[in-house]
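Down below is the structure, laid out as structure tokens.
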Amino acid sequence: MEGVDHLAHERNKSEFDVDAMKIVWAGSPHAFDVSDRISKLVASDPGFRKDNRSTLSRKELFKNTLRKAAYAWKTIVDLRLSEEEAAKLRFYVDEPAFTDLHWGMFIPAIKGQGTEEQQQKWLPLAYKMQIIGCYAQTELGHGSNVQGLETTATFDSQTDEFIIHSPTLTSSKWWPGGLGKVATHAIAYARLIVGGREHGVHGFIVQLRSLEDHSPLLGITVGDIGMKFGNGAYNTMDNGVLQFDHVLDVYSIAFASIAVMLWVSQVTCEGKYKQSDVPRQLVYGTMVYVRQTIVADASCALSRAVCIATRYSAVRRQFGSQNGGPETQVIDYKTQQSRLFPLLASAYAFRFIGEWLKWLYADVTQRLQANDFSTLPEAHACTAGLKSLTTTATADGIEECRKLCGGHGYLCSSGLPELFAVYVPACTYEGDNTVLLLQVARFLMKTVSQLGSRLSSKKPVGTIAYMTRVEHLMQCRCGVQRGFAELSADLVEAAVAHCQLIVVSKFIEKLQQEIPGKGVKQQLEVLCNIYALFLLHKHQGDFLSTGCITPKHAALANDELRSLYSQVRPNAIALVDAFNYTDHYLGSILGCYDGNVYPKLYEAAWKDPLNESVVPDGYHLYIRPLLKQEIRTARL
Ligand SMILES: CCCCCCCC/C=C\CCC/C=C/C(=O)SCCNC(=O)CCNC(=O)[C@H](O)C(C)(C)COP(=O)(O)OP(=O)(O)OC[C@H]1O[C@@H](n2cnc3c(N)ncnc32)[C@H](O)[C@@H]1OP(=O)(O)O
Ligand SMILES: Cc1cc2nc3c(=O)[nH]c(=O)nc-3n(C[C@H](O)[C@H](O)[C@H](O)COP(=O)(O)OP(=O)(O)OC[C@H]3O[C@@H](n4cnc5c(N)ncnc54)[C@H](O)[C@@H]3O)c2cc1C
């Protein structure tokens, strides 16, 4: 029945202050207020409806996305929302679109690598959306290998301009989000050529389309690369293809020539190239920034899936009826708990590691401004490794949540298939996860060679086993005289172990902070222990081989896990309520707040276009002849 909370009995079991946990999840009272207000604003506005996406064609879907993006911008302007509120609104609109790359990469690249002059020229236009930007780095032939990019930017000292060109088919820019049909400008990465000499990959701001009629400028060929995984999902985004035919880059400033050049090198008006003594990898700065935001995104995506699966696991009953009484809630089965609760713990773990990584990125950015590059290698390794670890775990976790919901998890109305389809490219974009782990492995090898076996310093006591595991994995690999490439598969395992150590240690450090609210810290301690012991159980071979735990310890850890699952069980619904997601944002009948699943599933079925007629199109043409044997049947 509408209005009845079918999960009230679950919510009454909670042993902690849910409202206080909402603040912990949001990060602060202010952050909670903004999230709560904006999520309800979006949920209550029919202009942001999203329950019909799976029934639209690609063109209808894309046009609807443009409508929503424009409507969101009008809402932001009309309500005079702050930058923080506007970002939250785009988040809760929950539709991959060109705006993600405009606000999420194009503007950060200018802010992070542009000089005062460039920021003054381009940021006011970008903030007012009088230009729409994308980040055009990947090419048809190269994505992971940035130094392999083929697009060229040749400095013409006669005209003091750059000529941007795509010399080969494989140099076509390929994948940039927003590029296909919307972006008017791009930050394009190209090989800088000055005076006939090549100076590696740099970024350039290039105008792609007329601001009068949106037609591609002279020398620009641009379009969409076609349908992607899943039906609705990421097909709301116009990932594009772009070719430059000797584009005289008259509108732009060579990003590198002034902006990055101040950090990395300079091109003078006389056409002289001057290399400065800063790491050339600063040109990768935007990727590092986005990787740390992706870690926070992982906690959002995983928590959405876990909220759906947890609420549905409490609603669903299957088997176990005693004397005609109610069947057993599937959330009470130990197998369901052993699959679901580690994901619940991971969602909280990724939330806190995302907070720490945001601090680390801000710290390294501040240091770079003072020409202090001392923590750049660690920042690179952490952002790369944690992006890889959290996105792999989240993508796998969303799929596990779909399976935890049985058959109904496969319905679009569960919200899980689309969430999976939209999320999984996170394991690839902003750096293929294996390629990024190889960067971490390289960092670990260097650290071991510099510090000897003691890899990690100043870690909480509870992480000794985790630290020893990493050191053991590295020693086993570094000890043998074989090349990095030969050992890379093993070193990637050590890289994963190192990242897991960071997540566990930061969760433990979080618990050392003052955390208000009845029972809140206790619940987080249970989740931290679940996260740590679940990984220890999953990788117990590594831990046993280090000798720092015995088979008996491993067995005790497993017993403790079961006990911890029993402690979470009465609090599970309250722990996912703490995410404070609206039904609109969850987009899931299985995860609806009131748990009134069956009537909503049944009602939703009849809304499918296929049910607009009781006799389907095609019956008279194909089925009736079949049934009436009017088609000559093969001799049986
Ligand atoms: C439900 C949720 C839905 C969410 C939907 C939201 C909508 C989506 C919105 C946004 C999505 C994002 C869109 C995607 C954008 C992109 O994908 S942009 C393109 C991303 N591309 C990459 O990440 C490419 C990956 N490759 C690289 O980064 C580099 O090629 C490399 C692998 C790092 C290698 O670089 P290179 O060859 O130059 O360097 P090496 O020889 O390996 O190393 C040399 C030394 O440099 C150090 N290094 C390398 N990188 C960095 C760095 N970034 N910072 C600092 N230092 C770096 C490296 O450690 C070596 O150091 P050493 O010599 O001391 O060992
Ligand atoms: C949805 C989506 C959105 C995107 N948006 C953008 C965007 O806005 N802007 C942009 O510039 N790009 C964008 N990209 C491109 C993305 O950044 C690249 O696809 C990504 O960096 C991976 O590079 P690749 O495609 O070349 O993969 P590859 O490197 O070709 O990967 C193929 C396989 O090779 C393996 N491999 C590669 N190198 C090595 C190595 N050295 N050692 C071991 N294994 C290796 C990989 O692990 C992988 O298994 C997007 C991609 C997607 C899917």
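The values are calculated or read from the model by the stated rules, or taken from the named source; none is laboratory data. This one's a predicted model, so the numbers in the text were calculated from it and none came from an experiment. We place every Cβ from the backbone using ideal geometry, glycine too, and count neighbours over all the protein chains shown. Each accessible area value is taken on the protein alone, full model and side chains, heavy atoms only, with ligands, DNA and RNA left out. Shrake-Rupley method; radii C 1.70, N 1.55, O 1.52, S 1.80 Å.
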Candidate lysines - alpha carbon under 29 Å from K173, same-chain residues fewer than 8 apart omitted: K59, K63, K68, K111, K121, K128, K181, K228, K272, K274, K387
Lysines whose Cα lies under 20 Å from that of K22, excluding same-chain neighbours fewer than 8 positions away: K13, K40, K88, K358, K506, K510, K518, K521
Label-to-label distance, nm, for residues given as E83 and Q322 (7 Å Cα→Cβ offset): 6.0
Separation of alpha-carbon centers, region 183-204 and region 421-437, rounded to whole Å: 25
Residue-level accessible surface for V4, protein heavy atoms, 1.4 Å, Å²: 60
In Å, descending, principal axis extents of the Cα set of region 1-121: 59, 39, 23
Under 5 Å, built H, 5+ apart or other chain: amide partners of G223: V241
Spatial separation of Cα centroids for region 71-85 and region 1-31, in angstrom: 28
Two-site FRET efficiency, Q281 against L627, from Cβ-Cβ distance with R₀ of 45 Å, rounded to 0.05: 0.10
With DNA, RNA and ligands ignored, accessible area of I589 (1.4 Å probe; Å², nearest 10): 30
Average accessible surface area per residue within the chain, 1.4 Å rolling probe, Å²: 46
Solvent accessible area, Å² - L438, 1.4 Å probe, full protein context: 50
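Once Rh for the chain is found with the Kirkwood sum over Cα pairs, what is the Stokes-Einstein diffusion coefficient at 4 °C and 1.567 mPa s, in µm²/s?
For the chosen part, D equals 48 µm²/s.
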Kyte-Doolittle mean at least -1.0 and Cα axial length at least 18 Å: DSSP H helices in the chain: 29-43, 58-78, 285-315, 334-369, 376-404, 433-451, 464-478, 484-511, 520-538, 551-568
Solvent-accessible ranking of S299, S144, largest area first, probe 1.4 Å: S144, S299
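Counting Lys and Arg as +1 and Asp and Glu as -1, what is the net charge of the other residues whose Cβ lies under 12 Å from the Cβ of A309?
+4
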Normalised contact order of the chain, rounded percent, pairs of Cα under 8 Å and 6 or more residues apart: 17
Calculated FRET efficiency for the pair T375/H553, C-beta based, R₀ 41 Å, to 0.05: 0.70
F484 versus L544: modelled label distance in nm, points set 7 Å from Cα along the beta carbon direction: 3.4
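Below 8 Å between Cα atoms, with a sequence gap of 6+, how large is the relative contact order for region 341-417 in percent? Let's see the in-between values first.
Values: 27 pairs, mean separation 14.4, N = 77.
The value is 19 percent.
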Region 345-504, accessible surface, carbon-and-sulfur percent (1.4 angstrom probe): 58
Cut-off 12 Å between beta-carbons: net charge of the residues surrounding A554, Lys and Arg +1, Asp and Glu -1: -1
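About its Cα centre, what dipole magnitude does region 141-220 give when the only charges are +1 on Lys and Arg Cβ and -1 on Asp and Glu Cβ, stated in debye to the nearest 20? Don't jump to the answer; show the numbers that get you there.
Working: 5 positive and 7 negative charges, 61 e Å.
Roughly 300 debye for region 141-220.
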Using a Förster distance of 45 Å, the FRET efficiency for K128-K13 (Cβ separation, nearest 0.05): 0.35
Sum of side-chain charges, G223 neighbourhood, beta-carbon under 13 Å (Lys, Arg +1; Asp, Glu -1): +1
List F543, F484, ordered by accessible area with a 1.4 Å probe, largest first: F484, F543
Cubic angstrom per residue, convex hull over Cα atoms of region 516-636: 265
Contact order relative to length of region 1-116, as percent, for alpha carbon pairs under 8 angstrom and 6 or more apart: 27
Extension gain (nm, one decimal) between H30 and D5, 0.36 nm per residue minus Cα-Cα: 6.2 nm
Solvent-accessible surface ranking, highest first, for R367, R402, R197 at 1.4 angstrom: R197, R367, R402
Coil-residue trypsin sites (Lys or Arg not before Pro) of region 295-353, DSSP, other Cβ within 10 Å capped at 14: none
